[in-house]
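Encoded as structure tokens, the structure appears first; notes follow it.
The values are calculated or read from the model by the stated rules, or taken from the named source; none is laboratory data. Computed from a predicted structure; not experimentally measured. Every residue, glycine among them, receives a Cβ derived from its backbone with ideal geometry; neighbour counts consider all protein chains shown. The area values use the complete protein model at the heavy-atom level, side chains included, leaving out ligands, DNA and RNA. Shrake-Rupley method; radii C 1.70, N 1.55, O 1.52, S 1.80 Å.
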Amino acid sequence: MMAFQKFRMGIRTKLLTIALVFVLPITVLFYFMLTTVGERITFNSKELMGNAYLRPLVDFFEVIVNLRFGGVAEWSAHKERGEQALAQLEQVQSRYGQELQFTPEGLAPRKRGHLTIPNLREKWNNFRQNPTSAGSSGVILTMLRQMITHAGDTSNLILDPDLDTYYLMDVTLLALPQLFQ
């Protein structure tokens, strides 16, 4: 009993000790919560960038497929859509291209240095001059498939842990582009 009396604390000291015992774990939990929320925001922001980049790519892909398999008779109807998709792609490139590594520095290590918007525009202009050439539409489709893959790789869409959006990503990034090889 004597040993216990040596460690007698006053009420103020007991309350301070209890407060410290609870404040420390709450502070640590709050720090981890903020860190996790920040990581999720960053992850989801990249997904949104990837979706924004994919929209004009898929639109342009659809235009080329329609022209390739629909024939020249529909050329005037699809020409405007192709120009709009390419213009949107240029806007998205200026906004998200750096983040999604659609730069020479980001494309070169993956051996995708040819997947630039100016190169795509050049192929489009060549195709517009000679729309009956199946080879030029094939080159554009190949480029677009590779650009879709690159956007998926660099925007976390491939890593999406949510099952409901995984199937949509699977169709958009893997199945659909492979249909028109």
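Tell me, yes or no, whether region 79-86 has at least one residue that is in contact (Cβ under 8 Å) with a residue 40 or more places away in the chain and in contact with a Gly (Cβ under 8 Å, 6 or more places away or on another chain).
First, the residues of region 79-86 that are in contact (Cβ under 8 Å) with a residue 40 or more places away in the chain: 79, 82.
If we keep only those that are in contact with a Gly (Cβ under 8 Å, 6 or more places away or on another chain) too, we end up with none.
No - not one qualifying residue is present in region 79-86.
Looking only at region 25-84, count every residue that is of a type in the set (Ser, Thr, Tyr), under 30 Å from Asn130 (Cβ atoms) and under 25 Å from the mean Cα position of the chain (by Cα) and tell me the total.
Of the residues in region 25-84, 1 are of a type in the set (Ser, Thr, Tyr), under 30 Å from Asn130 (Cβ atoms) and under 25 Å from the mean Cα position of the chain (by Cα).
Does region 58-78 include one or more residues that are under 14 Å from Ser155 (Cα atoms), assigned to a helix (DSSP H, G or I) and not small (Gly, Ala, Ser)?
Within region 58-78, not a single residue is under 14 Å from Ser155 (Cα atoms), assigned to a helix (DSSP H, G or I) and not small (Gly, Ala, Ser).
Does Gln84 satisfy the condition of being assigned to a loop (DSSP other than H, G, I, E, B) and either of a type in the set (Lys, Arg) or modelled with pLDDT of 90 or more (or both)? Please lay out each step first, then the result.
Details: assigned to a loop (DSSP other than H, G, I, E, B): no; either of a type in the set (Lys, Arg) or modelled with pLDDT of 90 or more (or both): yes.
So Gln84 fails the test.
Is it the case that Leu120 is at pLDDT 90 or above, surrounded by 14 or more Cβ atoms within 10 Å (Cβ to Cβ) and part of a helix (DSSP H, G or I)?
yes
For region 91-108, what are the residues that are in a helix (DSSP H, G or I) and within 16 Å of the chain's Cα centre (by Cα)?
Gln91, Val92, Gln93, Ser94, Arg95, Tyr96, Gly106, Leu107
When you go through Gly106, Gly82, Gly70 one by one, which is the residue that is open to solvent by less than 90 Å² (accessible area, probe 1.4 Å) and under 15 Å from Gln146 (Cβ atoms)?
Going through Gly106, Gly82, Gly70 in turn, the sole match is Gly106.
Residues of region 79-127 being acidic (Asp, Glu) and more than 20 Å from Lys46 (Cβ to Cβ), which ones?
Selection gives Glu80, Glu83, Glu90, Glu122.
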